[in-house]
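Enquirer: Can you read through this structure? Questions will come right after.
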Amino acid sequence: MGFTRSLKGRLTISVAVAIIVTGSVVLLFGYFMARASLNDLVYQSLEGVISRTSAGISALARSTESLAVVASSTTELAEDLSRYSDAPGEPSLITRMSDVLVKVKGSLPAGSRITLITLDRRKAASADEPASERLDTKTIPEDLLSRAVKGETVHDYYEVGGEIVLATVVPVSGAGKAAPVGVLAVEIPASAVGGILTERAGMSSDGRIALSKSLGGKVAVLMPSGGGDGSAELDLLLVDQSSELPFSRAAKGSSGEGKGRIPGVGEVVYSYDFIPETGWGVTAMVDADEAFASVNRLRNVNVLVILILVICGCLLAYLIASSMTRPLDELQKDVQSLANGDLDARASAGGGTEIAALADEFNMMAERLNDLLVNLERNVDERTRELQQANERLEQLDRLKNDFISMASHELRSPLSSMKMGVSTVAKEIVGPLNEEQKTMLEIAERNIDRLNKISTDLLDLTRIEAGELDLLLEEQDIPDLIKEVVAGDRPSAQQKGLALEVAAAGPLLCRCDRDRVIQVLHNLVNNAINYTEEGGITVSAVDEGDTVTVSVSDTGIGIPPESLESVFEKWSRAHAETRSEKRGTGLGLAICKGIVEAHDGVISVDSEPGKGSTFTFRLPKRGPHEGTEKDNGG
């Protein structure tokens, strides 16, 4: 896996694939071209055999037909046959007709038979049998005789007494006569065509040539019985005319070539054609393996060459990739040395112009790094001192800020308390009566004094929280009682807005906490819920969850936008800055709640959906915070 992902591996694979693919394409192209040429040669050879065989069969048929026609056209023979039909058995007539037939037979192949037959299918004369042995003829098929009587010259082959003969049957009509007076049948032995059908020039030794003709619903196939010994013995077979065998196609008048399996012969390559002179089909076929032996040898050679090409291509590709990646490997080692801190590492140029340029760039980079390293420590020291000074200034400013806020908040409380007392005394008309306008102005002043007092208190609390100086007075408290106390105090404000303020908490749920601080958290959460709820209500609940007590304040108010949820507990954060000022608050309440809860080792969170309301939840451990942070009245 590592090799294939490396540059050397990728180059090796790329070059090997290029070599193998290119070589394979060339070899396969040559193979398919050669195979096509060899296939054409095989079929051309078979077509030549078909042409030669067709010519031989046609010549034999024409020769036999010519002799038969010459004999059947003799006026004396036609007249004698006509008289014989009227006076059967007349010896003189038989003798004259037999003499004519004997002359014709002399020109026919050895073993041939020539017979003169009357219209009523009786043998009138023969070139072989004595006159005293004239009998009815039963060997020649009736359909041949019928067609000849109608004036048609017919060529056929059939089996007589276990011997296959080729027959030519012509009508006997004499010169100038329209209607036949009989027929002349010439039968020659199959051995006359055996030499033609066993002539395998242009074929392999196991090639075969077959004649075929339609015979009713069958096809009669005449084929040499020998496989390759040159035997002239022929077999007569019957096959189904509807089959797709080449014999059937040839007998139907078609011509073509192909490859397929023939029952009793095997897988062969064949070519077939039709002989118009005889109405027969001729088929030449050779064993497919023998015919395509050269193609198969060529295929095997191609496979072997491709295997050698794969091996040599991979080896050559590896050598090429190695020569290309060797300078890169050396450069990589120099880069690793530089990365390990050896700034004196330099690359030697080599491996071609591009790699030499890369090595030069590397050396220049190493020089620059060396220069940078010389100045780096000095720069780091300077920046470190600057950062330390800036950090010290920031810490000092933060302390000054906290001190100022703490002092300002603390110092504001006393005058605010005096102002509150004075305004309250005047508002109660202790120092004298007031008109309505004066009372209104004093109420406004009193509310603003309360607001300033709350802000100063919040600032003071926040300062203590950030400084980690928030004191907690820890005691066992019943959380539902604290909730009811807060709800009782805030219910008038809720009722004034027409809101329901409910408690869903049953005690006792004891928790070790600072009573005033928990009430402060509850009050802030309930007060916020009332401020941001226009209809519906607020529910404050408490649940015992084993080691913790979970308190939730849920409302049906306007909710908090999703983008404000993450910052809602940060100081000065206001989720609804667009609302009017009396609702907005200072943005410190939730930050103080978070600080108080976390000081108790608790957590606070919010779940809100705009337009549907919010739920603020805080969890307090029942055992209280860790002892190291506790400051209570009992230790």
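Enquirer: Among the residues of the range 277-298, are any among the basic types (Lys, Arg) and touching a residue at least 24 places away in the same chain (Cβ under 8 Å)?
Expert: No.
Enquirer: Of all the residues that make up the range 81-107, how many are more than 14 Å from LEU119 (Cβ to Cβ) and either open to solvent by less than 60 Å² (accessible area, probe 1.4 Å) or among the charged types (D, E, K, R) (or both)?
Expert: Residues flagged as more than 14 Å from LEU119 (Cβ to Cβ) and either open to solvent by less than 60 Å² (accessible area, probe 1.4 Å) or among the charged types (D, E, K, R) (or both) within the range 81-107 amount to 15.
Enquirer: Would you tally the residues in the range 197-215 being open to solvent by 40 Å² or more (accessible area, probe 1.4 Å) and either within 20 Å of LYS105 (Cα to Cα) or more than 54 Å from the chain's Cα centre (by Cα) (or both)?
Expert: 4
Enquirer: Among residues belonging to the range 503-559 that are touching a Gly at 6+ places or on another chain (Cβ under 7 Å) and of a type in the set (Ser, Thr, Tyr), point out the one that is nearest to GLY613 (Cα to Cα).
Expert: Residue satisfying both the conditions and the ranking: THR556.
Enquirer: Next up: Any idea which residue in the range 108-120 is least open to solvent (accessible area, probe 1.4 Å), counting only those that are within 14 Å of ALA192 (Cα to Cα) and of a type in the set (A, V, I, L, M)?
Expert: Here is the first cut: in the range 108-120, the ones within 14 Å of ALA192 (Cα to Cα) are 108-113.
Applying the additional criterion that residues be of a type in the set (A, V, I, L, M) yields 108, 110.
Working: LEU108: 20, ALA110: 91 Å².
Selected residue: LEU108.
Enquirer: Would you check which residues across the range 273-293 are open to solvent by 40 Å² or more (accessible area, probe 1.4 Å) and in contact with a Lys or Arg (Cβ under 9 Å, 6 or more places away or on another chain) and list them? Walk me through how you get there before you give the answer.
Expert: Initial filter on the range 273-293 (open to solvent by 40 Å² or more (accessible area, probe 1.4 Å)): 273-274, 276-277, 287, 289-290.
Result: PHE274, GLU277.
Enquirer: While we're on this one: Which residues, taken from the range 553-572, are open to solvent by 20 Å² or more (accessible area, probe 1.4 Å) and touching a Lys or Arg at 6+ places or on another chain (Cβ under 8 Å)?
Expert: THR556, PHE569
Enquirer: Spot the failing condition for ARG491; the list is (1) in contact (Cβ under 8 Å) with a residue 12 or more places away in the chain; (2) open to solvent by 40 Å² or more (accessible area, probe 1.4 Å); (3) part of a helix (DSSP H, G or I), and only one is missed.
Expert: In the conditions (1) in contact (Cβ under 8 Å) with a residue 12 or more places away in the chain; (2) open to solvent by 40 Å² or more (accessible area, probe 1.4 Å); (3) part of a helix (DSSP H, G or I), ARG491 misses (1) alone.
The values are calculated or read from the model by the stated rules, or taken from the named source; none is laboratory data. In this text, all values refer to a predicted model and were calculated from it rather than measured experimentally. Every residue, glycine among them, receives a Cβ derived from its backbone with ideal geometry; neighbour counts consider all protein chains shown. In case anyone asks, the SASA skips ligands and DNA or RNA and just uses the protein heavy atoms, side chains included. Shrake-Rupley method; radii C 1.70, N 1.55, O 1.52, S 1.80 Å.
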